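Visitor: The structure is given below, and queries will be raised subsequently.
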Amino acid sequence: MADTSRERNRKRPHTRLGVVAASSLAGTAVEWYDFFLYGTASTLVFNKLYFPSHDPLVGTVLAFATYAVGFLARPLGAVVLGHLGDRKGRRSTLIASLLLMGASTFLIALLPTYEAVGVLAPLLLVVCRLVQGFALGGEWGGAVLLVSEHGDSARRAFWSSWPNVGPPLGNLLAAGVLAVLGGVMPSAEFLSWGWRIAFGLSAVLVLIGLWLRLYVAETPLFKDAPKPKGLPAGVVIRKHWRSVLLAAATRFGENAGFYLFSLFVITYVTTVLKMDSSVGLTAVLVGQACAVVTIPLFALLADRIGRRPIYVVASVATIVWAFVFFALVDTRSPGLITVAVAGGLLIFAAYSSVIGAFFAELFPTEVRYSGVSLAYNLASVLAGSLAPIIAIGLYAKFGTGYAIGVYLAVMGLISLVASLLAKETKSVDLGSVAEKEQVRAPVE
């Protein structure tokens with residue numbers, strides 16, 4: 001009888017916050033590994049194999065353009081998967097998004113190159129990229145809600161921060177795998193077939209993430225919440241559009257900075273400074289490791305002092321570091337380049353520590369999945385997807401990284417204004433978030 005009871009307990013889905021947080025982190029890390037693997041490969045591989053050009057910078061721009069295509073599919077994923085998340089549940093939707101991301105990434109490992117099939121090669125790459133973006137559009141929101149809706153307000157920022165460790169951890173894995181493969185293989189072999197191993201590994205990572213997500217329970221808040229009347233995305237747009245715009249705007253500095261500090265910097269170091277790609281990859285590895293460690297630490301602080309102070313300080317730091325970053329990178333010193341990237345990603349970590357809790361605290365339970373997904377991905381499209389392309393364009397026109405710094409400072413300023421307009425949400429009860437939006441009324 002006791003054995004039967006133990007067996008039943010092993011099969012029962014977990015509700016413990018540690019297990020739920022691990023499930024959310026594992027899934028987001030896998031999905032962001034896939035997503036960032038594409039971005040890193042755009043700099044090192046795709047610009048040569050799928051977008052050949054006599055000008056390396058042109059090939060890189062084309063590769064980054066397909067990278068941006070993935071972002072365009074994210075709002076659609078936010079609407080469709082957000083709808084399923086608000087109707088069918090957080091857990092089942094997260095499982096679906098993980099399977100979609102894993103399948104599309106694994107297929108990239110099998111794609112023929114431009115030399116083999118001509119224009120069909122980049123077209124197939126774009127299709128896979130669209131599926132990646134669609135899947136990611138519904139991933140983050142569900143992962144955050146799976147944690148935040150299981151917990152309470154006292155340490156919500158801390159527990160909700162663990163899914164946000166997924167992006168730097170996924171990027172760390174992607175850059176690390178490519179760095180190892182590139183280091184142990186001759187460049188010709190790496191360019192020919194070695195890079196495909198990194199994409200093929202996605203299948204193994206997906207199985208790990210899937211096992212963990214099958215192991216956790218649906219959130220109690222979702223089970224008790226009424227179903228939304230009408231399309232969840234429609235309700236969000238009609239009744240909570242101010243919260244969507246406010247939340248999205250708070251991410252501009254974080255999102256643009258993250259892609260410049262962790263992705264564009266590799267292109268800048270290799271193409272502009274003419275240094276070995278290992279310099280940029282090493283700096284990104286160190287910076288991402290710093291972010292992984294500090295996100296939960298910043299979140300503990302956010303549970304004590306609130307969300308807005310963290311946002312405000314991170315936004316001001318973005319404005320300042322936008323210029324310090326290029327001053328350090330342009331020294332061509334590997335050590336100072338690493339300091340520049342690590343400093344930028346520490347600022348990203350501060351933003352990321354509060355995003356999950358803050359976004360969840362803006363929307364009622366019945367449309368929360370759609371609300372946080374739309375806000376998150378709106379910022380990704382407007383700030384993140386275009387950042388590498390705008391950066392390359394600014395450098396091509398002005399010939400200096402400081403022009404890119406001005407652009408990043410503007411993104412930080414937008415986040416600063418949005419942070420000052422937001423209400424503090426630290427003590428909000430997720431189960432009773434009302435129709436009233438968490439936006440300060442304008443001064444009469």
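The values are calculated or read from the model by the stated rules, or taken from the named source; none is laboratory data. Please read all numbers here as calculations on a predicted model, not as lab measurements. Here the Cβ is made from the backbone with ideal geometry for all residues, glycine too, and neighbour counts use every protein chain on show. Heavy atoms of the whole protein, side chains included, go into the accessibility calculation; ligands, DNA and RNA do not. Shrake-Rupley method; radii C 1.70, N 1.55, O 1.52, S 1.80 Å.
Visitor: Counting only C-alpha contacts under 8 Å and six or more residues apart, can you give the relative contact order of the chain as a whole percent?
Guide: It comes to 24 percent, rounded to a whole number.
Visitor: Treating only the Cβ of Lys, Arg, Asp and Glu as charged (+1, +1, -1, -1), what charge dipole size does the chain show about its Cα centre? Round to the nearest 20 debye.
Guide: On the way: 35 positive and 24 negative charges, 195 e Å.
The dipole of the chain has a size of about 940 debye.
Visitor: If you take the Cα Rg of the range 132-277 and divide it by 2.2 N^0.38 Å, with N the number of residues, what do you get? Walk me through the numbers on the way to the answer.
Guide: On the way: Rg = 19.9 Å, N = 146, 2.2 N^0.38 = 14.6 Å.
Rg over 2.2 N^0.38 Å, computed on Cα atoms: 1.36.
Visitor: Counting only helical runs of four or more DSSP H residues, what would the 222 nm mean residue ellipticity of the chain come to if each run contributes -39,500 (n - 2.57) and the total is spread over all its residues?
Guide: Rounded to the nearest 500, the figure is -23500 deg cm²/dmol.
Visitor: Might you report the magnitude of the Cβ-based charge dipole of the range 117-274 about its Cα centre, with Lys and Arg at +1 and Asp and Glu at -1, to the nearest 20 debye?
Guide: Computed about the Cα centre, the dipole is about 500 debye.
Visitor: Measure nothing fancy, just the Cα-based angle from helix 387-398's long axis to the longest principal axis of the chain, in degrees from 0 to 90, nearest 10.
Guide: So the helix axis and the longest Cα principal axis differ by about 40 degrees.
Visitor: Mind checking the per residue accessible area of the chain for me, 1.4 Å probe, whole number of Å²? Write down the numbers at each step before the final one.
Guide: Values: 16720 Å² over 444 residues.
That works out to 38 Å² for each residue.
Visitor: Here's something else I'd like to know. Along the charge dipole of the chain, Cβ charges K/R +1 and D/E -1, which of ALA96, ALA289, PRO232 sits furthest on the positive end?
Guide: Farthest along the dipole direction, towards plus: PRO232.
Visitor: While we're on this one: Round to the nearest 10 and give me the degree value, 0 to 90, for the angle of helix 368-379's Cα axis relative to the longest principal axis of the chain.
Guide: Orientation of helix 368-379: about 20 degrees from the principal axis.
Visitor: Taking the full set of protein chains and a 1.4 angstrom probe, give the accessible area of PHE36 in square angstrom, rounded to the nearest 10.
Guide: For PHE36, solvent-accessible area is about 0 Å².
Visitor: Heavy atoms only, probe 1.4 angstrom, no DNA, RNA or ligands counted: give me TRP241, TRP32, TRP162 ranked by accessible area, highest first. Please report the intermediate quantities before stating the final value.
Guide: Numbers: TRP241 115, TRP32 5, TRP162 70 Å².
Of TRP241, TRP32, TRP162, the descending order of accessible area is TRP241, TRP162, TRP32.
Visitor: Over 25 Å between Cα atoms: which of LYS48/LYS397; LYS223/LYS423; LYS88/LYS423 fall into that group?
Guide: As for pairs spanning more than 25 Å Cα to Cα, those are LYS223/LYS423; LYS88/LYS423.
Visitor: Same structure again: Could you check how much of the accessible area of the chain is carbon and sulfur, as a whole percent, using a 1.4 Å probe?
Guide: Its accessible area is 70 percent carbon and sulfur atoms.
Visitor: Rank GLU115, GLU31, GLU218 by accessible area, highest first, at a 1.4 Å probe radius?
Guide: Descending order: GLU115, GLU218, GLU31.
Visitor: Separate question: Heavy atoms only, 1.4 Å probe, whole protein assembly: order VAL341, VAL312 by accessible area, highest first. Provide the component values of the computation, followed by the final result.
Guide: Working: VAL341 0, VAL312 35 Å².
Output order, biggest surface exposure first: VAL312, VAL341.
Visitor: Would you grab the residues whose amide H sits under 5 Å from the one on VAL216? Only those 5+ places off in sequence or on another chain, please, with H modelled 1.01 Å from N.
Guide: So VAL216 has HN proximity to HIS14.
Visitor: Also, I was wondering about something else. Nearest 10 degrees is fine. How inclined is helix 120-137 to the longest principal axis of the chain, computing both from alpha carbons?
Guide: 30 degrees
Visitor: Select from the range 209-248 those trypsin sites (Lys or Arg not before Pro) which occupy a DSSP coil region and have at most 13 other Cβ atoms within 10 Å, ordered by residue number.
Guide: LYS229
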